[in-house]
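Chemist: Structure in structure tokens, see below.
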Amino acid sequence: MAATTQPVPAPVEDTQAKVKRSPAHFDRNPAKAGWFTKITLAVICVLWMIPLLGTFLTSFRSLDDVQSSGWWTLFTKPSSIARLTLSNYDKAITGGADMGRDFFNSLAIALPATFIPILIAAFAAYAFTFMEFWGRDVLFLTIVSMLVVPNYVAFVPILKLYRTLGMNGTFAAVWLAHIGFGMSLAIYILRNYMATLPKTVIESAKIDGASHYQTFFKLVLPMSVPALASFAIFQFLWVWNDLLVALVFIGPGDNEPVTVGLTHLKTQLGQGWELTTAGGFVTMILPLVVFLALQRFFVRGLTAGAVKG
Amino acid sequence: MVTKALTTIITIIVGVGAALIVYWILNKLAELLPERLEDRIKPYLYILPAFLGIVVYLVYPAVLTVINSFRGPISQNWVGFANFTTLFKSHDFQQTLINTLLWIIIVPAVTIVIGLTVATLSDRLRPGAEKLTKTIIFLPMAISLIGAATIWRFVYDAEPAGQNQIGLLNAVGQLFNKGPVDWLSTDNFHLNSLLLMVILLWSQVGFSMVLLSAAVKGVPVDTLEAARIDGANERQIFFRVIVPQIRGTIVTVFITVTITVMKIFDVVYVNTNGGFNTNVLGNQFYNEISTNLNYGAASAIVVILMIAVAPLMWYQVRHFKSEEAA
Amino acid sequence: MRVGTLPGRKVLVTVAAAALASTGLAACGSGSGGGNSNTVTIWSSIDQPVQDGLKKKLVSELKADNSKITIKWQKVENINQLIITKIQAGDTPDIALVPQPGVVSQMKSLGAVKPLDGVVSKDELSSYLPGAADFSKFDGKTYGLIVSMNIKGLVFYNKPWFTQKGYTAPTDMAGLVTLADKIKSDGTAPWCFGIESDTATGWPATDWIENILAKQSGADVYKDWVTHKVKFDSDDVKKAFDTFDQLLLTDGNTYGGSKAIVSTNFANTGNPMFQSPPKCGLWEQGSFAPSFLPKSVLANQDQNIGVFGLPPESAGGDNPVELGGDSMTMLNDTANVKKVVKLLAATEIGEDAAGSSSFISPHKDFDASKYPNELTRDMVKVATGATTTVFDASDQMPAAVGSGSFWKQVTAWIAGQTTEDKMLKAIDDSWPAS
């Protein structure tokens, strides 16, 4: 909480000193945060944190406590702190399915289902941005309008297809499903980003005799890193937290991901949510790590730097 | 566990490797062609895997959906336009359309405003503070739907008067001796719909923030500096220098969020399931296909969505044209 | 060009095929179950402890029989939806335990379920509670048999308080009204009532109405109502709604007033009964409800919680009791599957589950000493004392009504957003055409 208020006094000298030390001196926005900036951001951050913090604290309280008093009781009546317990986490991790197994399954699903669609979409986005071909706009619009189709309508036809191929229940079945369902958005975002790249650079590469394949891997891909990183974050997140696709194409059993495993904790009448919440906090750790790891790609001047290189 | 870890790694490598090999081969294949043909065929080879995926997983099911929208509940008989006329005649469905429209008008715009605010303002903070701010805004995206539903339960919950309020809003009310309000069943001025939108905003602003932030970082510093030297103030710089340069990303985010909102269902489903006049198209679709098992009506809703997206596509085309002209 | 492309394409195809095969293999290698003919797959959404208990007994019976059958029993989220999707895709388990007879009927119209007549013996069928073997009977054939049940229309109370005040369980509907009035005049709200349940908000209210209708108008009217031969907008159903209105929506009859009903979570509804002094006196719910009460109450449940069934219209008269529960359906009819079905329909199948979970057997000859406590035995007595049993009506109606308009309209009515007549017409209008 304290952190969210950003009490950063921001001594000007300090910031500039840092910038000077950094070799990448494009990474400098001349504007500095004034009080308006700080207050606005602080307010937004606090608003964003309160519901999350409340639930996080709740996840350490016993169900009876949760149902009889609010989480802020921890601050107003410190005596209740003594009753905090790890039992929700304990039950969430050991109570239902084999969470260790499910965790590895989730990884085996999410990593390829993140990487492959980005590769495929980047190739397609490159073609849509930098290549001239017949039917380009029509094909692109077809792809984008598919964004509006809920993937639910695909379940029965795809299940039938998988059945003839004997693919139901395999990892490849969910990979392909996530690739297909995520492709529209991936192409859309990447192509619109690539359209903002300086065309002159690509054309001069062509004049220098670079093939499309080389231009793609050596020039466009590095220049698109911020967009690729953004999309990687989202795709990983969606696949990691996906329940429906996993349930339909893998189902419960030896290949089930964490999201499916967590549903075993709930009873038919919806009881047991306190365990799924605790489980939810555990499973959100990895997407956060991915976000933090990829955040370093959102740096000013990265694209400019790549152009030079 | 060790074997499980090993098989996991092998599975991942095989999956990713296979995808890489496909492209390597596609490229080699194209290079075997004479140069003139190669240039003509290559674009199609590059988009082929993507297009195959979309055709199998989206276009083909979408075509089936259009066909099924003229058939009965389990797609066994033809019913003409009956699915559509039943929908449009129903008073509930008219309300559903109005609610959906409300979502479309409000959510994408607010998402952009908050996302852009955080993206541009946090850009001025020190790197550590910037990272922290963005992480906080991003956090809700990382939590699963079930988690998010529980989180907001502790905000909107109402207990009978006299009991301890465990919902944040009503607990604050209790401090000021205001009786509990059952927020989610109060549809005066669509209050409950607005409160549901807050949930979506809370969890999805991270999306627009990340994309817009990447775009803001891409604005060349020299253009900003030039504007400052010309004596522009920060507001003018934002509206005259930054916004025009990231207009493309704004359009991308706006269209993406609008389409997401058009088919939004989970936030509504888990909180009210469309009760108390909060129903939206996506939730109606979900109920028809998963609870009522009425594929005809569900398909008709998807067809309505497909038609409704046309104006956005038209706008997108115009945006392309202006982009190319520039 | 001709020279170039042909081999290239071949390479492409071979490599792509190899890649595809290896991903498939890798997936299989990490454990996707290869189906062999001795495996019988069962899907259910019932709570894990119940499933574990049933499976334990099933496996030990098979072992005792020297059978080679292995059981793969999987808990799936929301089986009602998943099973229909999987049937359309042709990828189904051998046996599915389905909570809604309405879904069994849908499975039947998709041609996916086999009749159980002949698989389960007449003797076994006659051991079910009266009427309980007929919940999934369509066109004279049985397509589903209830395996694990819960009893609806039970009224729970704070036992020490109830005894101390000198109240007694009513024997007819009029007696129930008198009891409620007495509790009210003694200064306590007679009913704990909350119907909030996420996506399913409203069901506790529809349970109430179903129970009242069954008691007041009898099982036959009830069954005709389920098939819409009796409309919502009919005298019988209106009378049930009026009784409900009088019992629960009269000022001061419900704790928190009718405003709180729609926002109070059904599972927390009973908690105020155990505050001191109790904030409300009676809580109508199903047999699963005691488990929602605070731990301190459950620590000594036989002493703390009392229960009686909603009384018949007239004392000693026709007394239908409403049940809910999961019905087994058979999607393949191999000898192995039939064998498992037979075992699941036997009275003994619940013997392990009864002691270790909330399981209640639908068989009238089930050994009650297997239940873990007096409270459960008292609840079971309500069911065994029934003249006939009926299944939860909203679970039998088409989902658009039973899991849709019925819940939503009643909720809106209680919240004061519609009138009784408008509500009844709206529900009738939402009944699917075919």
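The values are calculated or read from the model by the stated rules, or taken from the named source; none is laboratory data. Only a predicted model underlies this, so the values are computations on that prediction, with no experimental measurement involved. For neighbour counting, all protein chains shown are included, and Cβ atoms are generated from backbone atoms with ideal geometry for every residue, glycine included.
Chemist: Among the residues in region A:89-97, are any aromatic (Phe, Trp, Tyr), facing chain B (nearest Cβ under 9 Å) and in a helix (DSSP H, G or I)?
Modeler: Within region A:89-97, not a single residue is aromatic (Phe, Trp, Tyr), facing chain B (nearest Cβ under 9 Å) and in a helix (DSSP H, G or I).
Chemist: Residues to consider are C:63, C:72, C:86, C:57; find the one that is part of a strand (DSSP E or B) and more than 20 Å from the chain's Cα centre (by Cα).
Modeler: On the way: C:63 fails: part of a strand (DSSP E or B); C:86 fails: part of a strand (DSSP E or B); C:57 fails: part of a strand (DSSP E or B).
Result: C:72 is the single residue among C:63, C:72, C:86, C:57 that is part of a strand (DSSP E or B) and more than 20 Å from the chain's Cα centre (by Cα).
Chemist: Here is a further query. Quick check, is residue B:116 more than 19 Å from residue B:213 (Cα to Cα), under 19 Å from the mean Cα position of the chain (by Cα) and not β-branched (Val, Ile, Thr)?
Modeler: In short, no.
Chemist: Please count how many residues of region B:166-180 are surrounded by fewer than 21 Cβ atoms within 10 Å (Cβ to Cβ), within 13 Å of chain C (Cβ to nearest Cβ) and under 22 Å from residue C:254 (Cα atoms).
Modeler: 1
Chemist: Which is touching a residue at least 24 places away in the same chain (Cβ under 8 Å), surrounded by fewer than 24 Cβ atoms within 10 Å (Cβ to Cβ) and outside any helix (DSSP H, G or I), of C:177, C:155?
Modeler: C:155
Chemist: Residues of region C:396-411 being aliphatic (A, V, I, L, M), at the interface with chain B (Cβ under 7 Å from one of its Cβ atoms) and more than 17 Å from the chain's Cα centre (by Cα), which ones?
Modeler: C:400
Residue by residue, here is whether (1) assigned by TED's automatic domain parsing to the domain that holds residue C:289; (2) without any contact (Cβ under 8 Å) to a residue 60 or more places away in the chain; (3) touching a Ser or Thr at 6+ places or on another chain (Cβ under 7 Å) holds:
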{"residue": "C:371", "(1), (2), (3)": "no, yes, no"}
{"residue": "C:374", "(1), (2), (3)": "no, no, no"}
{"residue": "C:381", "(1), (2), (3)": "no, yes, no"}
{"residue": "C:384", "(1), (2), (3)": "no, no, no"}
{"residue": "C:398", "(1), (2), (3)": "yes, no, no"}
{"residue": "C:406", "(1), (2), (3)": "yes, no, yes"}
{"residue": "C:416", "(1), (2), (3)": "yes, no, no"}
{"residue": "C:425", "(1), (2), (3)": "yes, no, no"}
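Chemist: If you don't mind, there's one more thing I want to ask. Mind counting the residues in region A:198-227 that are under 22 Å from residue B:253 (Cα atoms) and either away from chain B (no Cβ under 14 Å) or at pLDDT below 85 (or both)?
Modeler: 1
Chemist: Being in a helix (DSSP H, G or I), surrounded by fewer than 19 Cβ atoms within 10 Å (Cβ to Cβ) and not aliphatic (A, V, I, L, M) is the filter here, so list the residues in region C:162-174 that pass it.
Modeler: Within region C:162-174, C:163, C:164 meet the criteria.
Chemist: With the condition being under 23 Å from the mean Cα position of the chain (by Cα) and in the same structural domain as residue C:84 (by TED's automatic domain parsing), I'd like the strands (runs of 3 or more DSSP E) fully within region C:278-360 carrying at least 3 qualifying residues. Even if it seems obvious, please write down each step before you answer.
Modeler: Details: elements: C:280-285, C:305-309, C:320-330.
Filter on region C:278-360 gives C:320-330.
Chemist: On to the next question. Can you go through A:185, A:139, A:176, A:161 and tell me which one is more than 30 Å from residue C:87 (Cβ to Cβ), in a helix (DSSP H, G or I) and without any contact (Cβ under 8 Å) to a residue 12 or more places away in the chain?
Modeler: A:139
Chemist: Kindly evaluate residue A:74 against the criterion of being assigned to a helix (DSSP H, G or I), at pLDDT 85 or above and out of contact with any Ser or Thr (no Cβ under 9 Å at 6 or more places or on another chain).
Modeler: The answer is no for residue A:74.
Chemist: What is the one condition in (1) surrounded by fewer than 24 Cβ atoms within 10 Å (Cβ to Cβ); (2) at negative phi that residue A:277 does not satisfy?
Modeler: Exception for residue A:277: condition (1).
Chemist: Is it fair to say residue C:92 is under 27 Å from residue A:260 (Cα atoms) and in a loop (DSSP other than H, G, I, E, B)?
Modeler: yes
Chemist: For region B:65-151, which helices (runs of 4 or more DSSP H) that fit wholly inside it have 1 or more residues that are within 11 Å of chain A (Cβ to nearest Cβ) and without any contact (Cβ under 8 Å) to a residue 24 or more places away in the chain? Explain how you work it out, then say what you get.
Modeler: Details: elements: B:82-89, B:91-122, B:127-142.
Those helices (runs of 4 or more DSSP H) span B:91-122, B:127-142.
Chemist: When you check residue C:357 against the structure, is it within 14 Å of chain A (Cβ to nearest Cβ) and touching a residue at least 60 places away in the same chain (Cβ under 8 Å), yes or no? Walk me through how you get there before you give the answer.
Modeler: Numbers: within 14 Å of chain A (Cβ to nearest Cβ): yes; touching a residue at least 60 places away in the same chain (Cβ under 8 Å): yes.
So residue C:357 passes the test.
Chemist: Turning to a different aspect of this structure: Give the residue that is nearest to the other protein chains (Cβ to nearest Cβ), with candidates limited to residues of region C:193-214 that are of a type in the set (D, E, K, R) and touching a residue at least 24 places away in the same chain (Cβ under 8 Å). Steps first, answer last, please.
Modeler: As a first pass, look at region C:193-214 and keep what is of a type in the set (D, E, K, R): C:196, C:198, C:207, C:210.
Restricting the remaining residues to those that are touching a residue at least 24 places away in the same chain (Cβ under 8 Å) gives C:196, C:207, C:210.
On the way: C:196: 9, C:207: 12, C:210: 17 Å.
Within region C:193-214, the match that is nearest to the other protein chains (Cβ to nearest Cβ) is C:196.
Chemist: Condition test on residue B:239, is it more than 10 Å from chain A (Cβ to nearest Cβ), part of a helix (DSSP H, G or I), crowded, with 16+ Cβ neighbours inside 10 Å and aromatic (Phe, Trp, Tyr)?
Modeler: Answer is no for this residue.
Chemist: Got a sec? Which of A:109, A:143, A:116 is more than 26 Å from residue B:290 (Cβ to Cβ), within 14 Å of chain C (Cβ to nearest Cβ) and buried (at least 21 other Cβ atoms within 10 Å of the Cβ)?
Modeler: Exactly one of A:109, A:143, A:116 is more than 26 Å from residue B:290 (Cβ to Cβ), within 14 Å of chain C (Cβ to nearest Cβ) and buried (at least 21 other Cβ atoms within 10 Å of the Cβ), namely A:116.
Chemist: Which residues, counting only those in region B:201-254, are among the small types (Gly, Ala, Ser) and touching a Pro at 6+ places or on another chain (Cβ under 6 Å)?
Modeler: Step one: list which residues in region B:201-254 are among the small types (Gly, Ala, Ser), which gives B:203, B:206, B:208, B:213-215, B:218, B:226-227, B:231-232, B:248.
Residues satisfying the conditions are B:203, B:214.
Chemist: Given the conditions (1) modelled with pLDDT of 90 or more; (2) touching a Pro at 6+ places or on another chain (Cβ under 8 Å); (3) buried (at least 22 other Cβ atoms within 10 Å of the Cβ), and given that residue B:276 satisfies all but one, which numbered condition is not satisfied?
Modeler: Residue B:276 satisfies all of (1) modelled with pLDDT of 90 or more; (2) touching a Pro at 6+ places or on another chain (Cβ under 8 Å); (3) buried (at least 22 other Cβ atoms within 10 Å of the Cβ) except (2).
Chemist: Also, quick follow-up: Are any residues in region A:73-103 without any contact (Cβ under 8 Å) to a residue 24 or more places away in the chain and in contact with a Leu (Cβ under 8 Å, 6 or more places away or on another chain), and if so, which ones?
Modeler: Residues satisfying the conditions are A:74, A:80, A:81.
Chemist: Which numbered condition trips up residue C:104, out of (1) part of a strand (DSSP E or B); (2) of a type in the set (Val, Ile, Thr); (3) closer than 19 Å to residue C:226 by Cα?
Modeler: Failed condition: (1).
Chemist: Can you name the residue in region A:249-288 that is assigned to a loop (DSSP other than H, G, I, E, B) and hydrophobic (A, V, I, L, M, F, W, C) and is also nearest to the other protein chains (Cβ to nearest Cβ) among such residues? If you could, list the steps in order and put the result at the bottom.
Modeler: Pass one, region A:249-288, residues assigned to a loop (DSSP other than H, G, I, E, B): A:250-257, A:264-272, A:284.
Right, trim to hydrophobic (A, V, I, L, M, F, W, C) and you get A:250, A:265, A:269, A:284.
Details: A:250: 8, A:265: 8, A:269: 6, A:284: 4 Å.
Across region A:249-288, the extreme among qualifying residues is A:284.
Matching residues to (1) of a type in the set (Val, Ile, Thr); (2) modelled with pLDDT under 90; (3) within 18 Å of residue B:54 (Cβ to Cβ):
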{"position": "A:137", "(1), (2), (3)": "no, yes, yes"}
{"position": "A:140", "(1), (2), (3)": "no, no, yes"}
{"position": "A:164", "(1), (2), (3)": "yes, yes, no"}
{"position": "A:175", "(1), (2), (3)": "no, no, yes"}
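Chemist: Could you check region B:20-56 and list, in sequence order, the residues that are within 8 Å of chain C (Cβ to nearest Cβ) and either in a helix (DSSP H, G or I) or under 15 Å from residue A:123 (Cβ atoms) (or both)? Reasoning before the result, please.
Modeler: Of region B:20-56, the ones within 8 Å of chain C (Cβ to nearest Cβ) are B:21-22, B:25-26, B:28-29, B:32-34, B:37.
If the condition is that a residue be within 8 Å of chain C (Cβ to nearest Cβ) and either in a helix (DSSP H, G or I) or under 15 Å from residue A:123 (Cβ atoms) (or both), then B:21, B:22, B:25, B:26, B:28, B:29, B:37 are the ones that fit.
Chemist: Would you call residue A:126 within 7 Å of chain B (Cβ to nearest Cβ), touching a helix residue (DSSP H, G or I) at 6+ places or on another chain (Cβ under 8 Å), aromatic (Phe, Trp, Tyr) and over 23 Å from residue A:247 (Cβ atoms)?
Modeler: The answer is yes for residue A:126.
Chemist: Could you tell me which of the residues C:130, C:160, C:190 is more than 14 Å from every other protein chain (Cβ to nearest Cβ) and either basic (Lys, Arg) or within 20 Å of the chain's Cα centre (by Cα) (or both)?
Modeler: Exactly one residue qualifies, and that residue is C:130.
Chemist: Tell me whether region C:316-331 contains one or more residues that are among the polar types (S, T, N, Q) and at pLDDT below 95.
Modeler: no
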